[in-house]
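Where a number appears in this text, it was derived from the coordinates with a stated rule and is not lab data. The model shown is predicted, which means the values in this text are computed figures rather than measured ones. Cβ coordinates were reconstructed from backbone atoms using ideal geometry, including for glycine residues, and neighbour counts include every protein chain displayed.
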Amino acid sequence: MKEIGIRAYRFSISWPRVLPTGMGAANEAGIDFYDRLVDELLGRGIEPWATLFHWDYPQALFLRDGWLNPDSPKWFTDYARTVVARLSDRVRHWMTLNEPQCFVGLGHHKGPHAPHLTLPLDKALLVAHRVLLAHGMSVQAIRAEAKQDPVIGWAPVVISRFPATDSTEDIEAAKSAMFAITEKDFWNNTWWADPVILGRYPEDGLRLFGSDMPKITADEMETICQPLDFYGANIYTGDRFAEGPDGSPVKIPFPPGYKHSHFLWGVTPEVLYWSPRWLYERYKVPVVITENGMSNLDWVALDNQVHDPQRIDFLHSYLLALKKALAEGTDVRGYFVWSIMDNFEWWEGYKHRFGLIHIDYESQKRTLKDSAHWYRQVIRSNGAALLS
């Protein structure tokens, strides 16, 4: 990271590594790993940004009904307090949850992600509510326990929409679609962000979910809605929308052969202009792009280098879109590429390579890809190396 010139590193802390049974005294070998990581980062001039929950959950607590247990927000808050007590003398930047849409919607309702549950909607909504309570309670704990003034956010998926044309009608249609709930699932923005930022669940979601909603108290909503210093946004791709004949938003399909990543996600740099802009307009909280990048077909070539021109073009076009948003007044405080190195991509395993650094998984050899060398110049020039 120092060779590339990375100035900040976002990493996630494993709850089971720190507290193998989910609670009680810290596992010293586990917490010491992060202790040393933080020291190594700071020793190289790299600011640590810590995420408390990136989906891995203690097995012992899962066997006690996990997020369905009414004590689950307290369990998570106690874990957060343990980590903050150990690391906050050096770590200022904290994120509570990473992508609740995935670990709740895909992990507890639809089922493809661990723990592979297919709970009925009423139970999944209860899980979601307790997850949000855990967020709010842990924000309170961080502010109370931190040894230096903390900077706190979270990192949801941003379900991005962008207009098919520059017409006022299409822009309004895309914006409306981005903040609407139209399906009985969790793949949306407002069911998560409105309670966290605005202190209430969105009306369209309440109408849609109806009798499946759990009982919610005013005190719980107050707990969920804690002041945040930034809105973390994981943004990769989006869908384009236009105003339909009846005035409602209509999704416009991409044409055959449209550019896409190895993950088959459309390459849509427009989302790094529109999504931060609309998030900032709605929630009035500074935005940090906490994930952005692409899965590519990377390998070590005959010259022992890793050539990934598609990733360079992807990052270049997305950063130009973000640059435009900044120039027009969107308050963006930071940007993180996903990811620094190739990694285990959850249920996809090792099939996808997102990294700026190539990993040979057998030998563990690390090779900077062409994109890493390119990104170094972007960092050194503070963005001036980007073509305008």
**Study point:** Fewest-first sequence of 116, 262 by Cβ atoms within 10 Å of each Cβ
**Key:** 116, 262
Study note, to complete from the structure: In the neighbourhood of residue 176 defined by beta carbon distances under 11 Å, the net charge of the other residues (Lys, Arg +1; Asp, Glu -1) is -3
**Study point:** Distant-in-sequence amide H partners of residue 232 (H built 1.01 Å from N, under 5 Å)
**Key:** 154, 288
Point to revise | Too-long pairs where the Cα-Cα distance tops 21 Å, listed order kept, from 2/324; 175/284; 110/284; 74/123; 251/324; 2/351 | key: 2/324; 110/284; 251/324; 2/351
Point to revise | Net length gained if the chain between residue 37 and residue 305 were fully extended (0.36 nm per residue, minus Cα distance) | key: 93.7 nm
Review point. Whole-Hz Karplus ³J(HN,Hα) for the stretch 188-200, in order, using 6.51 cos²θ - 1.76 cosθ + 1.60 and θ = phi - 60°, x for Gly and Pro?
Key: 8, 9, 7, 4, 9, 6, 4, x, 5, 9, 9, x, 8
Point to revise | Note, ³J(HN,Hα) from phi for the stretch 376-385, Karplus 6.51, -1.76, 1.60, rounded to Hz, x at Gly and Pro | key: 4, 5, 5, 5, 4, 8, 6, x, 5, 6
Exercise for review: Please give the peptides 240-250, 273-283, 100-110 ranked by average Cβ packing (other Cβ atoms within 10 Å per residue), highest first, as a rough proxy for protection.
Suggested key: 100-110, 273-283, 240-250
Study note, to complete from the structure: Scalar couplings 3J(HN,Hα) for the stretch 112-121 by Karplus 6.51 cos²θ - 1.76 cosθ + 1.60 (θ = phi - 60°), nearest whole Hz, x for Gly and Pro, are x, 8, 4, x, 6, 9, 10, 5, x, 4
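Order these peptides, 325-331, 201-207, 253-259, by their mean beta-carbon neighbour count within 10 angstrom, highest first. Show your work: numbers first, answer last.
Working: 325-331: 14.3, 201-207: 16.1, 253-259: 8.6.
Most protected by this proxy first, the peptides run 201-207, 325-331, 253-259.
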Practice item. Using the Kirkwood radius over Cα pairs, work out the Stokes-Einstein diffusion coefficient for the stretch 303-381 at 37 °C and 0.692 mPa s, in µm²/s as a whole number. Key: 234 µm²/s
Review point. Once Lys and Arg get +1 and Asp and Glu get -1 on their Cβ, which of 199, 373, 316 lies farthest toward the positive end of the dipole of the stretch 8-380?
Key: 373
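Packing-wise, with mean Cβ within 10 Å as the measure, how do 310-322, 372-384 rank, highest first? Provide the component values of the computation, followed by the final result.
Details: 310-322: 20.4, 372-384: 15.0.
So the order, starting with the most tightly packed, is 310-322, 372-384.
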Practice item. For the chain, build the convex hull from the C-alpha positions and give me its volume per residue in Å³. Key: 151 Å³
